[in-house]
Amino acid sequence: MPEPTYYDLVYAVVRHIPRGRVSTYGAIADYLALGSARMVGWALNNSFSGDSVPAHRVVNRKGELSGRNHWPTPTMMQEMLEQEGVVVENDRVQAFDKLFWHPAEGLGEDFEPF
DNA sequence: TGTTTGACCACGG
DNA sequence: GCCGTGGCCAAAC
């Protein structure tokens, strides 16, 4: 993979999510200004093969753990989040608007994976 | 090659 | 808050 693909950018952004914070598919898609939120989901699904990406920090716009079903065990995603100090209840992130982290805030608009 | 599906989102009712 | 609809783009069949 000589060139940066959409997936590589998604992985890079997800890896830069601060510990104890969460982001959304739409925010990443909007930040990258490529594809759509669905592509982020596909990218993360692919991320299970090889690269270790903190996909547990990525939730949908409601703050719900929509991807928990794709983890080895559905409870693992919530465990990881609570381990970082994120309060999760009924498969939803509490104080989601406070913990929400937008890539542009932490990385800047000219962020590149290299 | 065309259709369906998917870890989504915005909008309107 | 819920539900249906349209849009989005890549992979699977």
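The values are calculated or read from the model by the stated rules, or taken from the named source; none is laboratory data. Worth saying up front: this structure is predicted, and the values here are computed from it rather than measured. So basically every Cβ, Gly included, is an ideal-geometry build from the backbone, and we count neighbours across all protein chains shown. Note: accessible area is taken over every heavy atom of the protein model, side chains too, but ligands, DNA and RNA are not part of it. Shrake-Rupley method; radii C 1.70, N 1.55, O 1.52, S 1.80 Å.
Key figures
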item: Leading residue by the ranking (nearest to DNA strand C (Cβ to nearest atom)) among those in the stretch A:48-70 that are more than 15 Å from residue A:94 (Cα to Cα) and more than 11 Å from the chain's Cα centre (by Cα); result: A:49
item: Test: residue in the stretch A:58-69 that is open to solvent by 50 Å² or more (accessible area, probe 1.4 Å), touching a Ser or Thr at 6+ places or on another chain (Cβ under 8 Å) and near DNA strand B (Cβ under 10 Å from one of its atoms); result: yes
item: Residue satisfying condition, being buried (at least 21 other Cβ atoms within 10 Å of the Cβ) and within 10 Å of DNA strand C (Cβ to nearest atom), within set A:43, A:37; result: A:43
item: Enumeration of residues in the stretch A:70-94 that are without any contact (Cβ under 8 Å) to a residue 24 or more places away in the chain, open to solvent by 50 Å² or more (accessible area, probe 1.4 Å) and out of contact with any strand residue (DSSP E or B) (no Cβ under 8 Å at 6 or more places or on another chain); result: A:72, A:73, A:74, A:75, A:76, A:79, A:83, A:89, A:90
